[in-house]
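Single-structure report; data block below.
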Protein chains: 2
Amino acid sequence: MTDRALVVLSGGQDSTTCLYWALHRFGRDNVESVTFDYGQRHRIEIECARRIAEDAGVPHVVLPIDTFAALGGNALTDSSVDVPDTDPAGSGLPATFVPGRNLVFLTYAAAWGWRRGIGHLVTGVAQTDYSGYPDCRRDTIDALERALKLGLERDLTIHTPLSSLSKKQTVLLARELGALDAMRFTHTCYRGQRPPCGVCAACRLRARGFAEAGVIDPLVESPGV
Amino acid sequence: MTDRALVVLSGGQDSTTCLYWALHRFGRDNVESVTFDYGQRHRIEIECARRIAEDAGVPHVVLPIDTFAALGGNALTDSSVDVPDTDPAGSGLPATFVPGRNLVFLTYAAAWGWRRGIGHLVTGVAQTDYSGYPDCRRDTIDALERALKLGLERDLTIHTPLSSLSKKQTVLLARELGALDAMRFTHTCYRGQRPPCGVCAACRLRARGFAEAGVIDPLVESPGV
């Protein structure tokens, strides 16, 4: 297959780091990006993703997914479910779990890339993710990669450059890739606040990563969106 | 996991046969059905599916998928692409190929079943399918089953009772399962006609299956929808 790559860009810190990883790996002319509009509570993410792609100079498309809302019952799309403040790791699946969300994202990304000569998908999932989403683990991704290759009859690689990195290491990688400045366009806060609320689980994890890396978070200093 | 099953019901002959297979295997009280509304050209399928489920006495839900339309470029959802009359087997992927469609259907079915205690998905895909869809093959399904089990942290089995059956054998199985009468509610015609047009690839394949089995197709005799 080709060396063209499609980055699943959520508008967050991790997928933005992945975008810059892809620019280094495949070259700007061979990178595209996609964001899924699945009715997320914090719609600002989509605008952030658009700005991040524009800033990086890569094509960007927003694909709609209305099915998650119909599936219901999760904190990211259902306003009747509270967003948890605490880190739910170790306490079973979090309230923010949309069953199979990453499987759907990657399947659509592969389908979108099918007619566009995309041989590489890049996603910011991490096994060390605080949320404990099972569809972020590399063994899940490996199985899906196989299903997509077979189901689309295409050679396809799913890259997870952050898979085994801690948040601290991800921040250091972002700096190494020249992605730090773009961090002011990113969104992390589960409450949708800019500047970030600083107290939700996502904000606290992000802050800890930057602190441990000894790097100032551009988002906290001067949000770009 | 539980012995509850969810049948992916397209409204066609194969998935209807699978519904009756599931009734025999799991018992009526343990079977539910789902139909995906993905903007298919022949909307009558959805009404057919509803009638088939009602007739069989099982719960039925229609889940929306708007993303395929955004992916574009295929004959089943894009009215600018002609529906092929000829059997495209052996000539590469057909114009009716929606990349990864079955992968998406099964992932959503698993997600829908996640909070409902569903341990079994049943789908009418067949490796012998005239259309040559690569996501209908059992090796693809096996890989997806593994991805779903890992990604949802649930034991889950994807049943493909028609996987290795010819269309003739599928008709004979339908008769054995008492599903023949329900066939008048089904829809097969790619052109959306009832009674069926009889000349499109789907109609001709169906007719050949019934003829080879020596069974009269109730749909041709007296359509129920």
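Read-outs throughout are calculated quantities, based only on the coordinates presented, and are distinct from any laboratory measurement. Note that the structure is a prediction, hence the values are computed from the model and not measured. Ideal geometry is used to build each Cβ from the backbone, glycine not excepted, and the neighbour counts take in all protein chains shown.
Lys and Arg at +1, Asp and Glu at -1: add these up for the other residues within a Cβ distance under 14 Å of B:E176 and post the number. Its environment carries a net charge of +2.
Per-residue Cβ counts within 10 Å, from other chains only, averaged over A:146-159: what number is that?
Values: counts 7, 15, 8, 3, 11, 17, 8, 10, 2, 0, 0, 0, 0, 0.
The per-residue average across the peptide is 6.
In terms of the Cα gyration tensor, with a ≥ b ≥ c the square roots of its eigenvalues, is the range A:150-191 rounded because a/c is under 1.5, prolate because a/b exceeds b/c, or oblate? Verdict is prolate for the range A:150-191.
Based on the Cα coordinates of chain A, what is the per residue volume of their convex hull in Å³?
109
Determine the equivalent ellipsoid of the range A:127-225 by diagonalising the alpha-carbon gyration tensor, then write out the semi-axes as square roots of 5 times the eigenvalues, largest first, rounded to whole Å.
Numbers: eigenvalues 174, 44, 37 Å².
Gyration-tensor ellipsoid for the range A:127-225: 29, 15, 14 Å.
Straight-distance candidates among the lysines for linking to A:K149, with alpha-carbon spacing under 29 Å and chain neighbours fewer than 8 residues away dropped: B:K149, B:K167. Around the Cα centre of the range B:4-221, unit charges on the Cβ atoms of Lys, Arg, Asp and Glu (plus for the first two, minus for the last two) sum to a dipole of about 220 debye. Compactness ratio for the protein assembly as shown: Cα radius of gyration over 2.2 N^0.38 Å (N = residue count) comes to 1.03.
Going by C-beta contacts inside 10 Å, put B:H24, B:H42 in order with the fewest on the left. Provide the component values of the computation, followed by the final result.
Numbers: B:H24 14, B:H42 19.
Least to most surrounded, the residues fall as B:H24, B:H42.
Under the convention that each Lys and Arg Cβ holds +1 and each Asp and Glu Cβ holds -1, the size of the dipole of the protein assembly as shown around its Cα centre is about 80 debye.
Listed by Cβ neighbour count within 10 Å, with the fewest neighbours leading, B:Y20, B:Y108 appear as B:Y20, B:Y108.
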